[in-house]
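Novice: I'd like to ask some things about the structure below.
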Protein chains: 2
Amino acid sequence: MDWEIIGYAAAALTMFGFIPQLVKMLRTKSVDDVSLVMMVQMGLGVFLWMIYGLHLKNSPLIVANVVSLTTLVLGLFVYFRYTTRRYFR
Amino acid sequence: MDWEIIGYAAAALTMFGFIPQLVKMLRTKSVDDVSLVMMVQMGLGVFLWMIYGLHLKNSPLIVANVVSLTTLVLGLFVYFRYTTRRYFR
């Protein structure tokens with residue numbers, strides 16, 4: 001068994017993991033059950049992973065976390081576009 | 001600057017990243033905006049990371065992904081408990 005395939009499959013699933021949530025928010029225009037704290041915490045986390053990857057000059061770490069960070073930042077824009085929670089406006 | 005601190009902070013933020021979403025679902029009992037595909041995809045992804053960690057005998061990889069997997073599996077239970085989408089029942 002080629003174990004590297006397991007690693008690449010794991011990386012692909014998690015780096016694109018937020019995309020289904022992003023698509024759902026765009027499609028339904030309904031976002032109030034989505035946790036803003038989750039998006040901010042994950043965004044900060046993958047930002048730090050990216051910084052750590054830049055320090056280590058590790059390309060997979062950089063690429064994977066730039067992708068995740070992009071989807072999460074887009075998620076924040078979509079969230080604030082459609083949320084009905086007044087106290088964020 | 002101690003770069004390891006950046007790595008540990010990144011790991012802590014992402015491994016516990018789904019917990020705010022889990023807490024929100026439990027508190028509001030409202031889950032229909034949360035993407036089921038996102039939870040299943042992330043769950044499968046961190047499961048494969050855990051398997052890959054077991055293969056590499058890499059403790060941080062195992063521990064971080066067991067934590068994430070646990071929160072995501074709990075999230076699935078909470079989702080099916082509270083969803084009003086009939087076609088999942």
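Novice: How far is B:ALA12 from itself in the other copies, in nm, if each label sits 7 Å out from Cα along the Cα-Cβ line, shortest first?
Specialist: Spacings between copies for this position, smallest first, are 3.4 nm.
Novice: Considering the rotation that carries chain B onto chain A, locate the chain B residue whose Cβ comes closest to its axis and report the distance in whole Å.
Specialist: B:ASP33, 2
Novice: With everything on Cα atoms, drop me the angle between helix B:59-82 and the longest principal axis of chain B, reported from 0 to 90° to the nearest 10.
Specialist: For helix B:59-82, the angle is close to 10 degrees.
Novice: Over segment A:1-46, give the accessible area per residue in Å² for a 1.4 Å probe, as an integer.
Specialist: So segment A:1-46 comes to 48 Å² accessible per residue, rounded to a whole number.
Novice: Next question, about the same structure. Which one of A:VAL66, A:PHE80, A:GLY45 is farthest out on the positive end of the charge dipole of segment A:3-88, using unit charges on Cβ (Lys, Arg +1; Asp, Glu -1) and the Cα centre as origin?
Specialist: Final value for the positive-end residue is A:PHE80.
Novice: Suppose you put the label 7 Å out from Cα in the Cβ direction; list, shortest first and in nm with one decimal, how far B:THR84 is from each other copy's label.
Specialist: 1.0
Novice: Can you pull the accessible area of A:SER30 for me, 1.4 Å probe, Å² to the nearest 10?
Specialist: That residue has around 40 Å² of solvent-accessible surface.
Novice: Additional query: Measure nothing fancy, just the Cα-based angle from helix B:19-28's long axis to the longest principal axis of chain B, in degrees from 0 to 90, nearest 10.
Specialist: 20
Novice: To the nearest 10 degrees, how steeply does helix B:3-15 sit against the main Cα axis of chain B, on a 0 to 90 scale?
Specialist: Rounded to the nearest ten degrees, it is 20.
Novice: Nm distances between the label at A:PRO60 and the same-position labels in the remaining copies, 7 Å along Cα→Cβ, shortest first?
Specialist: 1.4
The values are calculated or read from the model by the stated rules, or taken from the named source; none is laboratory data. Computed from a predicted model, the values in this text were never measured in an experiment. Virtual Cβ from ideal backbone geometry, glycine too; neighbours counted across all protein chains shown. Keep in mind that these areas ignore ligands, DNA and RNA; they rest on the heavy atoms of the full protein, side chains included. Shrake-Rupley method; radii C 1.70, N 1.55, O 1.52, S 1.80 Å.
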